[in-house]
1. Once you put a point 7 Å from the Cα of residue 63 and another 7 Å from the Cα of residue 49, both along the Cβ direction, what distance in nm separates them?
2. Going by C-beta contacts inside 10 Å, put 31, 2 in order with the fewest on the left.
3. Rounded, prolate or oblate for segment 26-66? Axes are the square roots of the Cα gyration tensor eigenvalues, ordered a ≥ b ≥ c, and the cut-off for rounded is a/c under 1.5.
4. Between segment 1-34 and segment 52-72, how many Å separate their Cα centres?
5. If r is the Cβ-Cβ distance from residue 9 to residue 33 and R0 is 22 Å, what FRET efficiency results, to the nearest 0.05?
6. For the chain, what log10 I(q)/I(0) values come out of the Debye formula at q = 0.14, 0.18, 0.21 1/Å, with one point per alpha carbon and no solvent?
7. Report the gain in length on full extension from residue 20 to residue 71: 0.36 nm times residue separation, minus Cα-Cα distance, nm rounded to one decimal.
8. Report, in degrees rounded to the nearest 10, the 0 to 90 angle that the Cα long axis of helix 2-12 makes with the longest principal axis of the chain.
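Nothing in this text is a laboratory measurement; each read-out follows from the coordinates by a stated rule. These numbers were taken from a predicted model, which means no experiment stands behind them. Here Cβ is always computed from backbone atoms with ideal geometry, including for glycine, and neighbour counts include all displayed protein chains.
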């Protein structure tokens with residue numbers, strides 16, 4: 001459930017362009033980190049998919065960094081997004 005919320009928020013903020021792809025990548029990450037691989041071929045396949053995702057993840061990171069510089073570091077929050085911070 002949390003991955004869906006995380007993906008929806010990231011899409012809303014313009015950090016990612018595909019919630020489905022984000023969920024796939026995050027699920028793969030969780031699987032690689034938390035599961036023991038019984039099969040070398042399964043591990044190889046998962047690592048190849050992860051390698052293919054590097055370029056996309058790098059582009060997402062750049063979008064997030066741009067957002068942080070624009071809104072969070074400058075404290076120039078986008079109107080309406082964080083209504084509790086507006087005064």
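1. Here the modelled spin labels are 2.1 nm apart.
2. Ordered from fewest to most neighbouring Cβ atoms within 10 Å, 31, 2 come out as 2, 31.
3. oblate
4. Answer, in whole Å: 13.
5. About 0.50, to the nearest 0.05.
6. -0.61, -0.87, -1.04
7. Contour length minus the Cα-Cα distance gives 15.8 nm.
8. Computed tilt is about 50 degrees.
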